[in-house]
Amino acid sequence: MSASADRKKINAQEVQLLEAVVVRRPGWQQAFKSLMDAYRPYLYRRCLGYLHNAADAEDVLQESFLNAYRFANRFEGRASLKTWLTRIADNQCYTFLRKKQQYTNVEYLLAVIEIHEAAQAAMEIEADHRRQFVADALGRVSPKAREILALRYWLELPLEEISTTLGIGLSATKMRLHRAHRQCLDVMDSESGVVA
């Protein structure tokens, strides 16, 4: 008997076994097991080649066999059983990789969000500390220094408006602002131990 005839005989036997599974002929469980045992090593190697992880390959192989069982009635015999099972296993591998990629993307995104939120929280804490530090320093400067600093930095007034508000000349406004800066920095330096 030629190799081609042997293959046809094997394919015919496999198709009969698969038909036994579809119509639930007595012994169909053993028929299905025989088919899966025959192709397990080949399909496992194929899945492992795609997934590069033995546990994942085994999981995908089990899912492939489950799909072969579920859709046994769809086997039309246009291709060999091996080709049909290979297509099922390949599709399961692609599905697994897509899901894994989506999961990895979601994990990465969640990690980025977590890092961003932690950084935001740290920046807010730092900003609160700075605000409190500046508020403490402003509480220790003279009332004139506090007034001009508030006009310039809290109300964000230009020097010309500060000059008009305080009823002093522009040059005097600049000098008073400079002295207020110096006084505030001196207070901050004495509190923090930092030299400006």
Legend entry - Within the range 113-146, backbone nitrogen closer than 14 Å to the virtual label 7 Å beyond the Cα of Thr165 toward Cβ: 144-146
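Can you tell me the mean projection area, over all orientations, of the convex hull of the range 113-192's alpha carbons? Units nm², please.
Its Cα hull, projected and averaged over all orientations, spans 6.3 nm².
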Inset, instruction - Mind jotting down the distance between the C-alpha centroids of the range 119-180 and the range 60-88, whole Å? - result: 77
Legend entry - Cα-based Rg and Dmax for the range 115-156, where Dmax is the largest Cα-Cα distance (Å): 13.8, 44
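What order do you get for 169-178, 63-72 when each peptide is scored by the mean count of other beta carbon atoms within 10 Å, highest first?
Descending mean neighbour count gives 63-72, 169-178.
Read-outs throughout are calculated quantities, based only on the coordinates presented, and are distinct from any laboratory measurement. Quick caveat, the model's predicted, so the values are computed rather than measured. Note: ideal-geometry Cβ built from the backbone for every residue, glycine included; neighbour counts use all protein chains shown.
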